[in-house]
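Take a look at the structure below.
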Amino acid sequence: MKVSVVIPTLNEEKAIGEIVSAFVSRGFDVLVIDGRSTDKTREIAEKCGAKVVIQSGKGKGQAVSEAFKIVDGDILVLIDGDGSYLPEEVDRLIEPIKSGAADHVVGNRFGKFEKGAFTRLNLLGNKILNTFFRFAYGYELHDILSGYRAMKKEVYKSVELRKPGFEVETELTVETLAKGFKIVEVPITYRKREGKTKLNPLKDGFRIGKTIYELISRYSPARHLYFIGLAFEIFGILCGIKVISGWLEGVTHYLLAILTALLIIAGLQIIMFGIIADFIFRRNIELKKDIEKIKRILEK
Ligand SMILES: Nc1nc2c(ncn2[C@@H]2O[C@H](COP(=O)(O)OP(=O)(O)O)[C@@H](O)[C@H]2O)c(=O)[nH]1
Ligand SMILES: [Mg+2]
């Protein structure tokens, strides 16, 4: 099986050499997709045996999307060029794909991370975004923003990446699930990066949160109903509190009581519709995937 390694870089001269060499010595094809670094990144990468391409646009997302079109390995490994991930752990990511246990493997950094690898804000932001993701998609993942992953060809050639920047990991994860592929996480080591981060924790954090919400439509539009239903329930409960506290003081809010009942009942119904619609939608995708698989087997 041919393995292609894709490394997006922007001024990573301190770490890039070692990473490229480690993968080249394993016999992997390495592509460094560079965002016009002003240091020696490209020179070093080339010297160590990587193919180097300057991305046509801007941002990590655009770079990754462009790289996916260029490479053609049966398996693609995506890794940051900042030295925070260990090339020698790559087998952990590739193994589940080879054995057929997964289509997309994500390296989970939370099992074993070096002190200082995450800033406090970074750690908190990651926890919040992962929790929000699990709620929004109902899929048990714990490190959706990891920069170390492996995918089989079918996955990286079919995902549609439109986000330019650091939303790329989110989009990759959602697209994989939306298309009916299977993701698993494996524990990896996470070290303190070399050089400076290009990520702005607050600005990019909010952007990623917004992206998680936006992309629900691609995974299952019906899941929006959960949020609408939840909003109804929250308003219903607030109205209910007002009604009950008034009643305890001897005042009866008739209209508000009716509104409370309506909001709570309507909210529950919207959530129920959501569950049913979501189930039908996802089932259809899975069925389509199974039919395609059977078709391929029959054609062989
Ligand atoms: N080609 C390209 N790579 C980028 C760009 N921005 C960041 N990167 C690379 O993407 C990887 C992850 O970025 P990093 O700053 O480490 O973000 P963090 O890991 O989330 O802190 C690193 O290898 C960066 O060099 C960009 O605009 N273009
Ligand atoms: Mg990094």
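The values are calculated or read from the model by the stated rules, or taken from the named source; none is laboratory data. Keep in mind the model is a prediction, meaning the values are calculated, not measured. All Cβ positions, even for glycine, are placed from backbone atoms using ideal geometry, and neighbour counts span all protein chains on display. Ligands, DNA and RNA are stripped out before the accessible areas are found, and what is left, the full protein with its side chains, is counted by its heavy atoms. Shrake-Rupley method; radii C 1.70, N 1.55, O 1.52, S 1.80 Å.
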Working out 0.36 nm times the residue gap between Ile265 and Tyr213, then minus their Cα-Cα distance, what length gain in nm do you get to one decimal?
16.2 nm
Compute the Cα gyration tensor for region 151-300, then decide on rounded, prolate or oblate, letting a ≥ b ≥ c be the square roots of its eigenvalues: rounded whenever a/c is under 1.5, prolate when a/b is larger than b/c in the other cases, and oblate in all that remain.
oblate
Relative contact order as a percentage, the chain, C-alpha pairs under 8 Å and 6+ apart, gives 17
How high is the relative contact order of region 105-153, given as a whole-number percent (alpha carbon pairs under 8 Å, six or more residues apart)?
60
At q = 0.17 1/Å the base-10 log of I(q)/I(0) from the Debye formula over the alpha-carbon atoms of region 222-299 is -0.71
Simple Cβ-charge dipole of the chain, Lys/Arg +1 and Asp/Glu -1, about Cα centre, in debye nearest 20:
180
Residues other than Thr260 with Cβ under 14 Å of its Cβ, Lys/Arg counted +1 and Asp/Glu -1, net out at 0
Using a 1.4 Å probe, what is the accessible area per residue for the chain, in Å²?
53
What is the packing order of peptides 11-22, 45-56, 268-279, 96-107, taking the mean over residues of other C-beta atoms within 10 Å and listing the highest first?
11-22, 96-107, 45-56, 268-279
Farthest toward the dipole's positive end in region 3-219, which of Phe133, Ser56, Ile70, given Cβ charges of +1 (Lys, Arg) and -1 (Asp, Glu) about the Cα centre?
Phe133
I need the calculated FRET efficiency for the pair Phe132 and Ile54, taking r as the beta carbon distance and R₀ as 35 Å, to the nearest 0.05.
0.50
In region 3-219, what percentage of the DSSP-assigned beta bridges are antiparallel, given to the nearest 5?
30
Taking only C-alpha pairs under 8 Å that are 6+ residues apart, what is the relative contact order of region 222-299 in percent?
43
Could you sort Arg149, Arg162, Arg296, Arg191 by accessible area so the largest value comes first, with the probe set to 1.4 Å?
Arg162, Arg296, Arg191, Arg149
Using protein chains only and a probe of 1.4 angstrom, how many square angstrom of Glu292 are accessible, to the nearest 10?
80
Entries of Lys51/Lys112; Lys112/Lys198; Lys60/Lys179; Lys2/Lys300; Lys51/Lys127; Lys47/Lys196 with Cα pairs more than 28 Å apart
Lys51/Lys112; Lys51/Lys127
Beyond 33 Å, how much of the Cα-Cα pair distribution for region 3-219 remains, as a whole percent?
7
Tell me, in nm to one decimal, what length is gained between Lys196 and Lys112 on full extension, where the rule is 0.36 nm per residue of separation less the Cα-Cα distance?
28.1 nm
Computed ³J(HN,Hα) along region 41-56: with the Karplus parameters 6.51/-1.76/1.60, θ = phi - 60°, integer Hz and x for glycine or proline, the list is 3, 5, 4, 4, 4, 5, 4, 7, x, 8, 7, 10, 10, 8, 4, 7
Listed residues Ile79, Tyr219, Leu145: farthest to the positive end of the dipole of the chain (Cβ charges):
Tyr219
Within the chain, which whole H helices from DSSP have a Cα span along their axis of at least 18 Å and a mean Kyte-Doolittle hydropathy of 0.5 or more, if any?
224-248, 254-299
